[in-house]
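Peer 1: Dropping the structure in here first, questions after.
What follows is calculated from the coordinates using simple rules that are stated; it is not laboratory data. Because the structure is a prediction, the values reported are computed rather than measured. Please note: Cβ atoms are built from the backbone with ideal geometry, for glycine as well, and neighbour counts cover all protein chains shown.
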Amino acid sequence: MTMIFPEGFQFGTATASYQIEGGATEGGRAPSIWDTFSHTPGKTVNGDTGDVACDSYHLWDSYHLWHKDIDLLADLGVDSYRLSVAMPRVMPTEDGPVNEEGLDYYERVVDALLAKGIKPTVTLYHWDLPQYLGDKNGWLNRDTAYKLADYAKVVAHRLGDRIETYTTLNEPWCSSYLSYGATEHAPGLGLGPGAFPAVHHLNLAHGLMAQAVRSEVGAKSQLSVTLNLQFNRGDADAVHRLDLIGNRVWLDPMLRGYYPNELFAITKGICDWEFVKDGDLEQIHQPLDVLGINYYSSGLVAMSDRPQFPQSTAASTAPGASDVDWLPTPGEHTDMGWNIDPKGLYDLLMRVHNNYPEIPLMITENGIAVEGGDRVVIEADGTKAVHDPKRIAYLKRHFEAALKAIEDGVDLRGYFVWSMLDNFEWAFGYTKRFGIVYTDYETEERIPKDSFKWYKRLIAEHAIPQEQR
């Protein structure tokens, strides 16, 4: 049976600034919290940093690989390419002038994409907060939200309505809970419940950034936010608790203009929420054109016998849920240790659609780092290839889940495969490869994988290939 996507469905692929750009000390760029974190011994695998990454800062600005990378995207046939802008490259000092050289770079990238008929989707914040804001407590500091709004206005003023969609934040769950609650992401403070101010200030930044973008482009570009919503199975109480802390803490203020009272109830004694000021929720609740959802895996959870100690500051990826156990998930897992659960994507899309039917959805990230890694082989004709059947199988099953959700009534507008290129995978450094294009980090050569060819066929046929040719 041929599974066909609706007319106008948008196919894309994605990357992020710190993961691909390199040029960390060039072009007027200032350090980010990820520069500091990755240069701190023991924070990343093998001490890897994003200093060079895929070297896109240089290669997109040189004739040879500008042509190569843009032509790869054009050959793939994507409707849109999701990239992020690095605030440290645009606003390298807190109170100094805007770095025109940084804006020029992103403008050239945008114009190159448009020249090939590829619509740019721009994420304004993908975790690379300037270190000068990190030095002032980063997202624990309310003022950071206003600094991000100033930055968003600068970018929207320069790039204007050439951008198909402006996305305010990428995965604030990670840039609060993993970054301030736990120690896995920059700045890695391990504050446990002390991450909740960061949660609120990211929500506030979203609202302020949305208003800043609208003030520059009006309704000429779409406006979105991207959330890595949590989908868990298991004990109902544990699932509900994590839904409040991981999902509704973003969805309700952004889409409805309030924090759920149950959230306050389950965090009583560990968070007083006094950092929520009068008028904040009105600022956060801004009209959006689409909600981005990043999905990779699901969880299995149960309530434990541990009490929630109000005085505890132990690191946790779910502050306020220290009495929840994460159980081993059955079945096949990726190289990240994440379970492969396409039905979880379907169930999550249905859940969001049923509870927030007014907002169209977009899958803004989905992909896999294959267990055992990707290997370059030399074919009989002397060409290089990367055979990644597990990635193809993963993508096929998840595209099928997305299409089933569409058939069952979800207003799903598009799907961005993560990632276009193998790149710097945060604390995992260069040990995990998500790309549909292989990156040789020694030579910066790009080699399209079999999954690239499979996705190219899917896009061309507007349907899920049912067998490999």
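Peer 1: Tell me, what ³J(HN,Hα) does each residue in the stretch 332-345 have, in order and in whole Hz, if you take phi through Karplus 6.51 cos²θ - 1.76 cosθ + 1.60 with θ = phi - 60° and put x for Gly and Pro?
Peer 2: Rounded to whole hertz, the list is 6, 10, 8, 5, 7, x, 8, 6, 9, 9, x, 5, x, 5.
Peer 1: Report, by chain and number, residues whose modeled amide H sits under 5 Å from the one on residue 299, excluding near sequence neighbours (fewer than 5 apart, same chain).
Peer 2: Under 5 Å from the amide H of residue 299 lie the amide H atoms of 231, 232, 233, each far enough along the sequence or on another chain.
Peer 1: What order do you get for 58, 126, 333, 185 when you list them from fewest to most C-beta neighbours inside 10 Å?
Peer 2: Fewest-to-most Cβ neighbours within 10 Å comes out as 333, 58, 185, 126.
Peer 1: Follow-up question, since we're still on this one. Taking all pairs of distinct Cα atoms, average 1/r, flip it, and tell me the Kirkwood hydrodynamic radius of the stretch 321-469 in Å to one decimal place.
Peer 2: 17.0 Å
Peer 1: With θ set to phi - 60° and the Karplus curve 6.51 cos²θ - 1.76 cosθ + 1.60, what are the ³J(HN,Hα) couplings of the stretch 42-51 in order, to the nearest whole Hz, using x for Gly and Pro?
Peer 2: Residue by residue, the stretch 42-51 yields x, 8, 10, 4, 6, x, 5, 10, x, 4 Hz.
Peer 1: How much space per residue, in cubic angstrom, does the convex hull of the C-alpha atoms of the stretch 120-186 take up?
Peer 2: Looking at the stretch 120-186, the number lands at 83 Å³ per residue.
Peer 1: If you take mean projected area of the Cα convex hull in nm² from the coordinates, which of [x] 30.9; [y] 21.3; [z] 25.3 do you get?
Peer 2: Computing mean projected area of the Cα convex hull in nm² and matching it to [x] 30.9; [y] 21.3; [z] 25.3 gives [y].
Peer 1: Sticking with this one: By counting other Cβ atoms within 10 Å of each Cβ, how are 304, 80, 451, 297 ranked from fewest to most?
Peer 2: Least to most surrounded, the residues fall as 304, 297, 80, 451.
Peer 1: Compute for the stretch 243-296: radius of gyration divided by Kirkwood radius, i.e. Rg/Rh, restricted to C-alpha atoms, rounded to two decimals.
Peer 2: Dividing the radius of gyration by the Kirkwood radius yields 1.00.
Peer 1: What is the antiparallel percent of DSSP beta bridges lying wholly in the stretch 10-461, to the nearest 5?
Peer 2: Of those bridges, close to 25 percent are antiparallel.
Peer 1: Taking the beta-carbon count within 10 Å as an exposure proxy, list 290, 276 from fewest neighbours to most.
Peer 2: Going from least to most buried by this count: 276, 290.
Peer 1: Binning at 5 angstrom from zero up to the longest distance, how are the C-alpha pair distances of the stretch 349-403 distributed in percent?
Peer 2: Binned Cα distances yield the sequence 4, 14, 18, 16, 13, 11, 9, 6, 4, 3, 1.
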